[in-house]
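In what follows, a structure is listed as structure tokens, so that the remarks can point back to it.
The values are calculated or read from the model by the stated rules, or taken from the named source; none is laboratory data. Since the structure is predicted, the reported quantities are computational estimates derived from the model, not experimental observations. So basically every Cβ, Gly included, is an ideal-geometry build from the backbone, and we count neighbours across all protein chains shown. When the accessible area is computed, the model is the full protein with side chains, heavy atoms only, and any ligands, DNA or RNA have been set aside. Shrake-Rupley method; radii C 1.70, N 1.55, O 1.52, S 1.80 Å.
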Amino acid sequence: MKKILIVDDLHPVFKERAIAMGYEVDDEPQITRQQTLGKIKDYTGIAVRTKFRIDAEIFAAAPNLKFVARAGAGLDNIDDQIAFERNIELINAPEGNCDAVGEHATGLLLSLMNNFRRADIEIRNGLWDREGNRGYELKGKKVGIIGYGFMGQSFAKKLAGFEVDVMAYDKYKTGFSDAFAREVSMEEIVKHSDVLSLHIPLTTETRLMVDDEYFFHFKKPIFFINTARGEIVKIDAVLNAIKAGKILGAGLDVLQTEKFPALGEQSWYNELKNNDKVILTPHVGGWTFDSYRKISEVLAEKLSGIKF
């Protein structure tokens, strides 16, 4: 019997469609890692969102595992090297939350350019400052996108009505210019960008890639958006670039360290939370009520294509 263990909060449509395909499905979103280790040996597949890492220990306890279904875009919480060595299929669902991410990135950018957060706080505290909250228009600006997969493409599409020049750089793709963005070199991104938005996965190559030197090379002050992965960006470097005038505003949905109490213990946290040129959201860019269902629909569709 083909069996799937769901260890995280997935929309019921995934379970329903998996059962229709002939799978026996145990939906246990409250299960702990330790409990998973004790029973995963009986399962053909495991479905996870963000609860814990599918690492060597999990794989070792799962001799019958044939696939891991990741309810989201990135695969950085799965040891893909072990999966490759054991011929275990990995499926994810960037198609399911790319619209959510594109809209979130656009919202962060508009909020930064128009001082929405600061203006709202000031008015609630009795201050009416029109001049201090004068904003910028997007029209005519040059937007640099790093990474042109599902997320980068979605952001570019959302910007289509703003009459901006969208430039995209992707180290692993060529010939991808389309109606929404034109392919450029990293040199052009650095030279011309008014806005920089990251849409790349977390890998050994991209971990802490964005540091002081990275921002130093940009020729113009930029608005900076990160809805990708927090560990790609050194927060100290963002704060330094703001102080140096290299960054006009930063919208961060993801952070180098996430969740409390660990976040509150970081040396940069107090400066970050008190900086009115920063807007923070709790890694929810791809997690909308709509994407909750769409992610599971995409996973189920990809599950139907697995043969073993």
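Where does the charge balance sit around GLU131 when Lys and Arg score +1, Asp and Glu -1, over other residues with C-beta under 15 Å from its C-beta?
My count for the surroundings of GLU131 gives +1.
Within a Cβ distance under 14 Å of SER193, other residues only, what is the Lys/Arg minus Asp/Glu net charge?
+3
Please report the carbon-and-sulfur percent of the accessible area for the stretch 97-280; probe 1.4 Å, protein heavy atoms only, DNA, RNA and ligands left out.
It is 51 percent, rounded to a whole number.
Please work out whether the stretch 3-92 counts as rounded, prolate or oblate from its C-alpha gyration tensor, where a ≥ b ≥ c are the square roots of the eigenvalues and a/c under 1.5 means rounded, while otherwise a/b larger than b/c means prolate and anything else oblate?
rounded
What whole number of Å gives the distance from the Cα centroid of the stretch 181-223 to the Cα centroid of the stretch 4-48?
So the separation of the two Cα centres works out to 39 Å.
Using a 1.4 Å probe on the protein heavy atoms, what percent of the accessible area of the stretch 3-92 belongs to carbon and sulfur?
That fraction is 46 percent.
Sorting check: for 282-289, 202-209, which peptide has the highest mean count of neighbouring beta carbons within 10 Å, and how do the rest follow?
Highest mean packing first, the order is 282-289, 202-209.
What's the FRET efficiency of ALA61 with LYS3 using the Cβ-Cβ distance as r and R₀ = 25 Å, to the nearest 0.05?
Approximately 0.95, to the nearest 0.05.
With a sphere of radius 9 Å drawn around the Cβ of VAL254, what net charge do the other residues whose Cβ falls strictly inside it have (Lys, Arg +1; Asp, Glu -1)?
Summing Lys/Arg as +1 and Asp/Glu as -1 gives -2.
For the chain, with every protein chain kept in place, what is the accessible area per residue (1.4 Å probe, Å²)?
50
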